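The next block holds one structure in the form of structure tokens; read it before the comments.
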Amino acid sequence: MKISTKGRYGLTIMMELANRYGEGQMSLKAIAQKHDLSEHYLEQLVAPLRNAGLVKSIRGAYGGYILAHPPQEITAGDVIRVLEGPISPVEFEEEEDPAKRDLWMRIRDSISGVLDSTTLEDLITYKEEGKSDSYMFYI
């Protein structure tokens with residue numbers, strides 16, 4: 001399974017908002033500039049995150065976005081599912097061989113387990129502790 005830029009940049013947005021949790025909103029422009037990303041692309045990603053209830057928008061001249069829940073309550077799995085869809089390495093429902101179907105299900109469950117047990121707080125704490133200059137999202 002390969003996570004696209006939608007999932008990777010979506011996690012970037014969410015990690016930036018988690019870093020500012022309780023301090024006020026952050027604009028997508030600031031996130032885009034900090035990470036050298038397209039603001040327009042980030043706007044496309046934040047809409048489904050808002051619709052899913054993961055972020056809230058603040059209107060006005062100094063508007064921006066905030067997390068809708070504390071960082072310890074939002075998982076990487078929440079973000080990835082909103083932006084990438086269901087987590088599955090292959091379409092295994094039609095798999096006739098029970099051994100292969102079981103393998104695909106175990107892989108799916110393992111990936112889901114990692115994503116669902118990793119919170120935004122875990123991700124920003126990992127980065128803050130200096131364990132990595134940038135967090136890589138390879139699965």
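The values are calculated or read from the model by the stated rules, or taken from the named source; none is laboratory data. Because the structure is predicted, anything quoted here is derived from the model rather than measured. Please note: Cβ atoms are built from the backbone with ideal geometry, for glycine as well, and neighbour counts cover all protein chains shown.
Among the residues of region 37-47, the one identified as under 14 Å from residue 58 (Cα atoms) and either crowded, with 18+ Cβ neighbours inside 10 Å or touching a strand residue (DSSP E or B) at 6+ places or on another chain (Cβ under 7 Å) (or both) is 46. Annotation note: of 6, 34, the sole residue that is farther than 18 Å from residue 122 by Cβ, modelled with pLDDT of 95 or more and either exposed (fewer than 12 other Cβ atoms within 10 Å of the Cβ) or touching a Ser or Thr at 6+ places or on another chain (Cβ under 6 Å) (or both) is 34. Residues in region 6-23 that are over 9 Å from the mean Cα position of the chain (by Cα) and hydroxyl-bearing (Ser, Thr, Tyr): 21 alone. Helices (runs of 4 or more DSSP H) fully within region 1-87 that include at least 2 residues being of a type in the set (Asp, Glu): 39-51, 76-84. Residues in region 83-139 that are at pLDDT below 90 and of a type in the set (Gly, Ala, Ser): 88, 99, 130, 132, 134.
Does residue 81 fit the bill of being over 21 Å from residue 117 (Cβ atoms) and among the basic types (Lys, Arg)?
Criteria not met by residue 81.
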